[in-house]
1. Considering only DSSP states other than H, G, I, E and B, which trypsin sites (Lys or Arg not before Pro) in segment A:98-157 qualify as loop sites with at most 10 other Cβ atoms within 10 Å?
2. What's the magnitude of the charge dipole for chain A around its Cα centre, counting Lys and Arg as +1 and Asp and Glu as -1 at the beta-carbon? Answer in Debye, nearest 20.
3. Could you size up the charge dipole of segment B:156-300 around its Cα centre, putting +1 on the beta carbon of Lys and Arg and -1 on that of Asp and Glu, and report it in debye to the nearest 20?
4. Students often forget the sequence filter, so: which aspartates and glutamates lie under 14 Å Cα-Cα from A:K89 once same-chain residues fewer than 8 apart are removed?
5. Return one number: the angle in degrees, 0 to 90 and rounded to the nearest 10, between the long axis of the Cα atoms of helix B:128-141 and the longest principal axis of the Cα atoms of chain B.
6. Quick one: of A:K163/B:K208; A:K163/B:K223; A:K144/B:K36; A:K163/B:K36, which pairs are farther than 25 Å apart, Cα to Cα?
7. Could you give the dipole magnitude of the protein assembly as shown about its Cα centre, charging the beta-carbon of Lys and Arg +1 and that of Asp and Glu -1, in debye to the nearest 20?
8. Just need the relative contact order of chain A here, percent rounded to a whole number, with Cα pairs under 8 Å and 6+ apart.
Amino acid sequence: MAMVQRKPPLAASIDPTAAPASQPVLTVDGVTLQYKTPDHLVTATYRVGFDIHPADRLVLLGPSGCGKSTLLKAIAGFLKPVEGSISLKGEPVTGPGPDRMMVFQEFDQLLPWKSVRENVAFPMLENRVPRAEAEARALDAIAKVNLTKFVDVYPHMLSGGMKQRVAIARAMAMRPDVLLMDEPYAALDALTRRKMQEELLQLWEDVRFTLIFVTHSIEEAVLVGSRVVVLSPHPGQVRAELNCHHLDVRHQDGPEFQLLTRRISQMLFEDKSVGH
Amino acid sequence: MVEITMTEISVKLTPPIRPEGEYDVTPPGTLGDVAKPLSLLERLANTTSVRRGLILVGIAVVWQAYATWLSNPLSFPTFTETLSALRDGIASGVIPQRLWVTLQTLVMGYAIGLVIAAVFTSLAVTTRLGTDLLSTLTAMFNPLPAIALLPLALLWFGLGRPSLVFVIIHSVLWAVALNMHSGFLSVSETLRMAGRTFGLSGFRFVRKILIPAAFPAILAGLKIGWAFAWRTLIAAELVFGVSSGQGGLGWYIFENRNTLDTAAVFAGLLTVMAVGLFVEGVIFRAIEARTVRRWGMQRG
Ligand SMILES: Nc1ncnc2c1ncn2[C@@H]1O[C@H](COP(=O)(O)OP(=O)(O)O)[C@@H](O)[C@H]1O
Ligand SMILES: [Mg+2]
């Protein structure tokens with residue numbers, strides 16, 4: 001696999017023994033989230049808490065339906081916690097905003113009436129970034145996701161993986177405090193998914209953004225994340241917080257990687273048998 | 001028929017094991033033409049305007065043949081007679097002038113109707129009261145033919161353009177508002193959330209996300225609204241004719257019927273159709289090609 005030969009090894013970029021000197025960018029504290037439907041009150045997550053520090057790649061991992069998307073929506077500001085609080089740089093989150101850009105799982109998140117370039121520049125232009133700067137940052141972000149050839153193409157002419165790349169470029173170009181991704185690769189084929197995971201890590205090597213990444217795949221969690229928050233099945237509670245900044249594609253067949261994935265799968269499996 | 005016995009079913013098939021192979025692949029550049037241009041005839045047959053033009057020619061031929069055979073210009077003039085009446089009407093400046101009057105009234109009513117529809121729909125997507133208001137009003141007024149309002153309009157606004165404009169507004173408003181609203185409602189949740197994370201809200205959200213995302217439905221509403229308005233206007237002009245010496249196309253048709261100039265009546269009808277075809281086939285098609293079809297939101 002040629003993509004794997006990155007310049008600085010991932011493990012060297014973070015010193016795991018150093019205490020976190022930084023302030024958390026985002027704090028999720030005892031958050032309970034509920035949906036009110038006409039005949040039910042669904043509790044999606046129960047008293048979930050964790051911190052995200054600058055340049056973290058925090059993965060929310062849990063079985064389908066455990067409230068990952070709901071949690072991410074709450075962080076994005078679409079949902080109010082019924083209990084607990086979410087704060088960004090010390091300020092409570094009150095609504096959606098461009099300081100928390102989101103990449104969705106669905107391919108229809110791009111604006112069909114705008115070309116790739118216009119899609120990426122749009123959030124910046126709507127937030128008073130001067131046009132020249134927005135254009136430059138858009139082209140830069142598009143280059144980073146290897147889509148320079150497609151800048152003037154409309155979304156309907158792109159493949160699913162390319163659409164997700166545009167969405168990532170659009171979110172990154174905005175330089176948000178936290179980048180939120182909700183299973184962005186779940187609807188892609190395995191080969192494309194692997195390529196995109198590697199691209200994302202490479203991008204992180206370059207830019208060092210702060211990422212919250214939601215997935216239900218244990219392997220993807222360990223691969224993409226520097227830290228994994230394991231959520232229990234519905235309603236989601238924090239089952240474990242694990243470090244995996246030292247594991248990436250190169251270690252995938254190694255014993256440490258296998259051990260960790262097995263440990264996580266045991267957690268999820270055991271919880272499942274209790275929960276149902 | 002071969003009868004399948006139990007023993008035959010229980011035999012397990014195993015695929016034969018064949019040798020493996022790895023092959024060199026021809027690089028794409030050396031494969032020759034991957035895309036071959038179509039011949040002129042094929043391209044012509046693929047052009048909608050050519051196919052439709054052929055149908056029009058066919059209709060003209062049948063018309064001419066039937067009218068010649070009938071040979072009664074008072075009730076059914078031939079195609080060529082109609083054409084020459086049309087030419088005379090245009091040359092004398094009567095038809096262009098009548099058309100101009102009609103189009104002015106139409107554009108006025110259409111524009112006002114659109115603005116009101118936009119206001120109603122914006123209210124409907126932002127407030128619940130607005131939703132209820134819109135659905136109640138459309139349910140009430142949409143089934144009401146615009147022409148039926150004409151007597152009332154005459155009572156309120158008198159004989160003249162305001163009455164016509166009122167009737168056109170009525171015929172455009174509900175169709176467009178209904179389509180716009182259902183278009184807004186069908187905008188995907190993902191797109192809405194994406195727009196909100198960009199920091200858009202309120203009127204900016206409607207303008208920058210909802211309207212373009214619902215554009216296929218809005219355009220459909222505009223087309224229906226146009227069709228209603230055009231038919232209504234011609235009919236209304238026919239019914240109450242001239243106002244302050246400024247008759248429209250409908251009046252032209254009515255006037256010539258009274259003088260039994262049937263060829264001129266046909267010429268007037270032809271003009272009505274031509275304008276209808278032009279707006280639907282040229283203007284709306286051009287808008288579609290530049291918007292929804294270019295964006296892949298509608299198949300061409
Ligand atoms: N709009 C909604 N209304 C009611 N219940 C919902 C809604 N969205 C999700 N849920 C419920 O909340 C729980 C968590 O859903 P979700 O956050 O989508 O899970 P995940 O993303 O982890 O698969 C599920 O039980 C789901 O049925
Ligand atoms: Mg989900």
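Read the figures in this text as sums done on the coordinates, not as results from a lab. What you see is a predicted model, and the numbers here were worked out from it, not measured in a lab. Neighbour counts run over all protein chains shown; Cβ positions are idealised from the backbone, glycine included.
1. A:R128
2. The dipole of chain A has a size of about 300 debye.
3. The calculation lands at about 840 debye.
4. A:K89 reaches A:D29, A:D51, A:D99, A:D177.
5. 60
6. A:K163/B:K223; A:K144/B:K36; A:K163/B:K36
7. 1100
8. Values: 509 pairs, mean separation 68.4, N = 276.
Taking the mean separation of contacting Cα pairs over the length of chain A, I get 25 percent.
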